[in-house]
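The values are calculated or read from the model by the stated rules, or taken from the named source; none is laboratory data. Computed from a prediction, not measured in an experiment: that's the story for all the values here. Note that we place each Cβ from the backbone using ideal geometry, even for glycine, and neighbour counts take in every protein chain shown. Surface accessibility is based on the protein's heavy atoms, side chains included, excluding ligands, DNA and RNA. Shrake-Rupley method; radii C 1.70, N 1.55, O 1.52, S 1.80 Å.
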Protein chains: 4
Amino acid sequence: MNESIKKIAVLTSGGDAPGMNAAIRAVVRSCAYHNIECVGVYRGYEGLIDGDFITLDARSVKNIINRGGTFLKSARSENFRTVAGRQKAFNNLKSHGINALVTIGGDGTFTGAIVFNDEHNFPIVGVPGTIDNDINGTDFTIGYDTALNTVVEAIDKIRDTANSHNRLFLVEVMGRDAGDIALNAGIGAGAEEILIPEQDMGRDRLLASLKRSKKSGKSSSIVVVAEGDQIGKNILGLADYIRENLEEYEVKVTVLGHIQRGGSPSCFDRVLASRMGVGAVDALLEGNRNVMIGTVHSKIVQVPFVESLKGENNIDLDLIRVADITSV
Amino acid sequence: MNESIKKIAVLTSGGDAPGMNAAIRAVVRSCAYHNIECVGVYRGYEGLIDGDFITLDARSVKNIINRGGTFLKSARSENFRTVAGRQKAFNNLKSHGINALVTIGGDGTFTGAIVFNDEHNFPIVGVPGTIDNDINGTDFTIGYDTALNTVVEAIDKIRDTANSHNRLFLVEVMGRDAGDIALNAGIGAGAEEILIPEQDMGRDRLLASLKRSKKSGKSSSIVVVAEGDQIGKNILGLADYIRENLEEYEVKVTVLGHIQRGGSPSCFDRVLASRMGVGAVDALLEGNRNVMIGTVHSKIVQVPFVESLKGENNIDLDLIRVADITSV
Amino acid sequence: MNESIKKIAVLTSGGDAPGMNAAIRAVVRSCAYHNIECVGVYRGYEGLIDGDFITLDARSVKNIINRGGTFLKSARSENFRTVAGRQKAFNNLKSHGINALVTIGGDGTFTGAIVFNDEHNFPIVGVPGTIDNDINGTDFTIGYDTALNTVVEAIDKIRDTANSHNRLFLVEVMGRDAGDIALNAGIGAGAEEILIPEQDMGRDRLLASLKRSKKSGKSSSIVVVAEGDQIGKNILGLADYIRENLEEYEVKVTVLGHIQRGGSPSCFDRVLASRMGVGAVDALLEGNRNVMIGTVHSKIVQVPFVESLKGENNIDLDLIRVADITSV
Amino acid sequence: MNESIKKIAVLTSGGDAPGMNAAIRAVVRSCAYHNIECVGVYRGYEGLIDGDFITLDARSVKNIINRGGTFLKSARSENFRTVAGRQKAFNNLKSHGINALVTIGGDGTFTGAIVFNDEHNFPIVGVPGTIDNDINGTDFTIGYDTALNTVVEAIDKIRDTANSHNRLFLVEVMGRDAGDIALNAGIGAGAEEILIPEQDMGRDRLLASLKRSKKSGKSSSIVVVAEGDQIGKNILGLADYIRENLEEYEVKVTVLGHIQRGGSPSCFDRVLASRMGVGAVDALLEGNRNVMIGTVHSKIVQVPFVESLKGENNIDLDLIRVADITSV
């Protein structure tokens, strides 16, 4: 155990995700378990610069495991992109006697951590919290499973009305450049077609497929469109195109939006966040830094920040086949 | 008891609403209870014209009370607006030996029923099924309570992320020309402001109020906007206006859309639909027609169709005061 | 306006109910709106005696409208049944400069309020918060609608497995001596039979009815049993009796228990609680006391405490008929 | 591709689990995709013996992916334990021209499959459907993730009322001899203690731990008890023991029961079921038999039935540590 770690700070940064509170709780409780002091930082790196800190003990985080969002709040910080901002942040950490930092967020969060450590040689461990599941080195990010359930429940509702009226719905879901949410929620919701950035379907193939499915006896259809998909990026234009070329359906568009970022986390996300929060403190106590906690094959692992940022496209081709087969 | 009623048809028409299946079930079971035959008509008045009928017995409607949408499907029928279409519908009813019709839907549905009865002297009783709660003569329409819960649950999720990021969200909800959904769901979701068609707030008062609430210490805000509200009708323009004039907030827009029309009905809507479906068959057996079943002060009543269509604006001023007070 | 009211205390007492937080919030915000100070009392009358107070302003109650339970906590107080205890409570109120009290709870809560006012001439207004809906003078109590939805959602899940296995489930629900939850949730869940305290069915009639429904083609059955029902009070014995006399079914028992007391309140309960909380402060400012805020025909009313406690049996016979008809 | 497979039968057997419908759908759609006929068998092996079959095409399984239970119904079959019963089943399969069988269920289901194949040399592939997650050779069984969410949501509600009243709740959850549900849902629900069959805690250590947590400032407590745990098997006795030895808490017991077996499946379970259903048909077409489809490290695998039945105790010790740490 690294005896020099006596006080750990924790913050959430970037877009919020369900389960962040559970991760904070696990960090705080893990500190209490190891008799280490713990400090919460409000509003991510911005609060680090402003010295917006709060002392947290085991009881401070009661009754938050089931709450969406992050009680420490999150923010994107322009100031942290400056040398002066980071210096200020470092001074605040030092003056509070803080020896290490756990930072919960996505790729932007980890990029900031690398730079900060390079400049100030300060131990940071990351925890991947984002609904997009777009971080390398971990099978799952915190919030992703909850977002999938939110999307599937929303589309279940939409299908009720689609069925009643023989309508075609285009449903836009989040995920930035990753199609994970669209592909998995699309399969889970029984979508007829799924448009993802990793695979260019083209409008004509989409149209041909919708015609085929109509002919096969389907009376309504759901098309799930990832926000990052090329033809989906102009979803209203896509709707018009389908309307012009497929008269059999009444076409409607729903953009699910920010309901996907909130909500009480699923059990999966709560357990994942708990394990990762514990894992983050473990890593610091082992003397590690500049790593993100990941989960690979259900085991907690430590991944160098630089690995986590590699932009690999790892969509599961097997899933695309399953989507094709189960939507016949 | 009206002995001449031996076979009743039931259909759903217009926009679908959660609880329509429960209402169909109650009509079918009530027929079975009274030893009357029951026939389901697919796709509303359109199916009536096409003779798209199905025999329904008590077991046909098992396990549907909890399902959104309508298994008989719904449609808006242009053909039923023509004399020839209605004649065809009448012929189908006669040739199937059907003596009366229960029609579940909204104002357009009842208007069609009036015309049809005028022409063909055919007993029809209506059941108000619409999430908009915009029918006169009944305190509640089927689907409204479920839609309120759907909206409130969605805004709960949005608030998680609004709080985490100090954001202002404009959330557009359904309701056509009625502000009932916006006002009640706005209070239920703890919205800072609620824009409804019945009350013209004006952009400046909205802005002043948002500034005041920001100054009072609120870090995030939800504004619920009814789709029928004048300044809300251009919700993206409204967002731009607020962005230009209220720099303290990051402004986001969410249009909840058709998730509001689906979903498993609430207990309230299931009970309401069950009572109204039973009440519709009761009315026919009492020899009544041209009436809608309503609920007034928790009692089932029969309201002449013409009464139900009167476009009165009955927003509860007391609720507006409650919204103002509880959002300080 | 009653100028002598400058500081109001609010507490929750008795069994907790979803929406109590929304009611507290409305009281606190209403005080802020009227520029009256507000004090929260922890643990009901027990905290009143202990002087366990907290100052509450408009921001103290943010983000609680959607939370089950009561953040002020609740308790049953033996001490408040003593003259000495009530004297201590009165002294605490006086020493804190509190002029009036809003007490949120059920019949025991209001009984305590009457005695306290008799002794100390202290203005108290009550708000009915209980899932049981067993208070006279109000159509609905806070928490009841949420409990109905919780029960219906639970039975929907049970029915999934009942259907898959052709089983008969006895499901016990709360409600103390009132059958409101059982009757309404039973209709909403599509139960085959509903046992309520207000109506003695007898085991033989139950058995005959279950045999009939089995013969009519039903492959599974749900019987909802109110905890206060005579034959339901021994639900395990009832299960054995059915097992011995109805071999066609595998009989299972589920006691839903305390999940019925928790959960995020429905929109209906949030609006009801908001209106009642505002109404309670209104009543005090009008100079009234010794009244409970009720809702009758969707209007807020003030009901003398003594009226609210009258033990009338007001089960809606029309609902029993609807239950009979829709379960054929 | 195995050309001899022209007609596949599918059935569900044993305890039902959410996602079984999604698995059936995937089998049926996969058959349609490969131009293979598909037959559904009602009531598991019992229906196989009775010849209770239904032809299924791609449209037969629309709108079932989101439904709990199994529309093919399930049963435990005593007759299938006899040589005569299995002979009858085989005759039915032959007379219907069925070449292979997909059987969805748990260990009992697979045991039956092994015996049947031994006797009749008939190709069977299994799909693990059970909430208990107690099958070897697969990381997850269908229904387990949904059950975890159901338990966590139920305990969230119970915690609302536990917090309001400073109570200790013992919550019994399912899982047969496996502690997976208890351990994961316990962590997810933030339980103070978790009793699982794989680890004998003993009443005294439980008591000591509860006293410690009370002393540390916790005002309420949730203890999750697996139904298979030794000291938990007599949960009412356990409650009495705690009552006698820990006066600080009011102790309540909730047995969650069969709500854990139902409900709309989570996205995770729907995707898992879809992949496994497709994988089952793939396996048959590859000429394999006597295997169960599993998922290991997110990949679909084929596991010999005999492997799946090995009763290994594979509780994750790391999870127990996470439970200990996050409940301090």
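Determine, from the Cβ-Cβ distance of A:R212 and B:D50 and an R0 of 25 Å, the FRET efficiency 1/(1 + (r/R0)^6), rounded to the nearest 0.05. Using R0 = 25 Å, I get an efficiency of 0.50. Which pairs in the list B:K299/C:K157; A:K73/D:K157; C:K6/C:K73; B:K157/C:K218 are over 28 Å apart, alpha-carbon to alpha-carbon? Beyond 28 Å between Cα atoms: B:K299/C:K157; B:K157/C:K218.
Between region D:152-213 and region B:4-43, what's the alpha-carbon centroid distance in Å? Centre-to-centre (Cα) distance: 47 Å. Within the protein assembly as shown, the ratio Rg/Rh, alpha carbon atoms throughout and Rh by Kirkwood, equals 0.95.
Look at the alpha carbon pairs under 8 Å that are at least 6 residues apart: their mean separation over the length of chain B gives a relative contact order of 24 percent. Cysteines of chain A lacking any other cysteine Cβ under 4.7 Å from their own Cβ: A:C267. Among C:N63, C:N290, C:N91, the largest mean-square fluctuation in a Gaussian network model of chain C (Cα springs under 10 Å) belongs to C:N63. Amide H to amide H distances under 5 Å link D:C38 with D:I8, D:L56, where only residues 5 or more positions off or on other chains count and H is placed in the peptide plane. Across region C:194-216, the residues whose backbone nitrogen lies under 16 Å from the label position 7 Å along the beta-carbon direction of C:L246 are C:194-196, C:201-216. Pairwise Cα separations in region B:145-261 fall into 5 Å bins from 0 onward with the following percentages, short to long: 2, 13, 25, 27, 20, 10, 3, 0. Think of a 1.4 Å ball rolled over the protein heavy atoms: the protein assembly as shown then has 34 Å² of accessible area per residue. Across the identical copies, the 7 Å label point of B:G97, projected outward along Cα→Cβ, sits 3.9, 8.3, 9.2 nm from its counterparts, in ascending order. Pairs of C-alpha atoms in region B:112-185 farther apart than 14 Å represent 68 percent of all such pairs. Across the identical copies, the 7 Å label point of B:Q230, projected outward along Cα→Cβ, sits 4.7, 6.4, 7.6 nm from its counterparts, in ascending order. The angle between the Cα long axis of helix D:235-245 and the main principal axis of chain D comes to about 10°, on a 0 to 90 degree scale.
Tell me, which residues of region D:157-177 get at least 40 Å² less accessible area when the other protein chains come in, versus the chain alone (1.4 Å probe)? For region D:157-177, once contacts with the other chains are taken into account, D:K157, D:D160, D:T161, D:N163, D:S164, D:H165 lose 40 Å² or more.
With both bridge residues required to lie in region B:145-261, what share of the DSSP beta bridges run antiparallel, to the nearest 5%? Close to 5 percent. For region C:57-76, heavy-atom accessible area (probe 1.4 Å) falls by no less than 50 Å² from the chain alone to the full protein assembly at C:R59, C:N63, C:R67, C:K73. I'd like to know which of D:F305, D:I98, D:V83 lies farthest towards the positive end of the charge dipole of chain D, counting +1 on Cβ of Lys and Arg and -1 on Cβ of Asp and Glu. Of the options given, the answer is D:I98.
When only the Cβ of Lys, Arg, Asp and Glu is charged (+1, +1, -1, -1), the dipole of the protein assembly as shown relative to its Cα centre reaches about 0 debye. For region A:253-303, the dipole from Cβ point charges (+1 on Lys and Arg, -1 on Asp and Glu) about the Cα centre works out to 80 debye, to the nearest 20. Computed 3J(HN,Hα) for region A:15-32, one whole-Hz value per residue from the Karplus formula 6.51 cos²θ - 1.76 cosθ + 1.60 where θ = phi - 60°, is x, 6, 8, x, x, 4, 4, 5, 5, 4, 3, 5, 5, 5, 5, 5, 4, 4, glycine and proline marked x. By accessible area, using a 1.4 Å probe on protein heavy atoms only, region D:205-328 has 49% of its surface on carbon and sulfur.
Computed over region C:145-261, relative contact order equals 38 percent, with contacts defined as Cα pairs under 8 Å that lie 6+ residues apart. For region C:230-262, which residues drop by 30 square angstrom or more in accessible area between the chain on its own and all protein chains together (1.4 Å probe)? Listed by number, the residues meeting the 30 Å² cut-off are C:T254, C:H258, C:I259.
Taking every DSSP beta bridge that has both ends in the protein assembly as shown, the antiparallel portion is near 25%. Chain B contacts chain C over a buried accessible area of about 4100 Å², both sides summed; the probe is 1.4 Å and only protein chains count. Length gained on full extension, B:K62 to B:D204, computed as 0.36 nm times the residue gap minus the Cα-Cα distance: 45.8 nm. Be a star and scan region C:61-91 for residues whose amide nitrogen sits under 15 Å from the point 7 Å along the Cα-to-Cβ vector of C:H120. Counting backbone N atoms under 15 Å from the label point, the list is C:77-91.
Computed over Cα pairs, the Kirkwood radius of region A:225-317 leads via Stokes-Einstein (1.002 mPa s, 20 °C) to a diffusion coefficient of 123 µm² per second. What's the center-to-center distance, using Cα atoms, between region C:263-306 and region A:238-265 in Å? Centre-to-centre (Cα) distance: 42 Å. Around the Cα centre of region A:145-261, unit charges on the Cβ atoms of Lys, Arg, Asp and Glu (plus for the first two, minus for the last two) sum to a dipole of about 340 debye. Over region A:50-144, the alpha carbon radius of gyration divided by the compact-protein estimate 2.2 N^0.38 Å works out to 1.16. With respect to chain C, whose longest principal axis is taken over its alpha-carbon atoms, helix C:317-326 is tilted by about 40°. Angle, helix A:203-215 long axis vs. longest principal axis of chain A, Cα atoms, 0 to 90°, nearest 10? With both axes taken from Cα atoms, the answer is about 60 degrees. Measuring r between the beta carbons of B:K6 and B:N234 and using R0 = 45 Å, the FRET efficiency lands at 0.25. Across region C:45-56, rounded Karplus estimates of 3J(HN,Hα) from the backbone phi angles (6.51 cos²θ - 1.76 cosθ + 1.60, θ = phi - 60°) give 4, 4, x, 5, 6, 7, x, 8, 10, 8, 6, 10 Hz, Gly and Pro being marked x. Distances between equivalent label points of D:I315 across the copies, with each point positioned 7 Å along Cα→Cβ, amount to 4.2, 4.6, 5.9 nm, shortest listed first.
Couplings for region A:180-186, taken from phi via the Karplus curve 6.51 cos²θ - 1.76 cosθ + 1.60 with θ = phi - 60°, read 4, 4, 4, 5, 6, 5, x Hz in order; Gly and Pro are left as x.
For region C:289-327, trypsin sites (Lys or Arg not before Pro) meeting the loop criterion (DSSP other than H, G, I, E, B) and having at most 11 other Cβ atoms within 10 Å: C:K310. The ellipsoid equivalent to the alpha-carbon distribution of chain D has semi-axes of 42, 18, 17 angstrom, derived from the gyration tensor eigenvalues as √(5λ) and listed largest first. Remark: relative contact order (region A:265-328) = 20 percent; criterion is Cα-Cα distance under 8 angstrom and separation of 6 or more residues. For the rotation that carries chain D onto chain C, the axis lies closest to a Cβ at D:V255, 3, where the number is the distance in whole Å.
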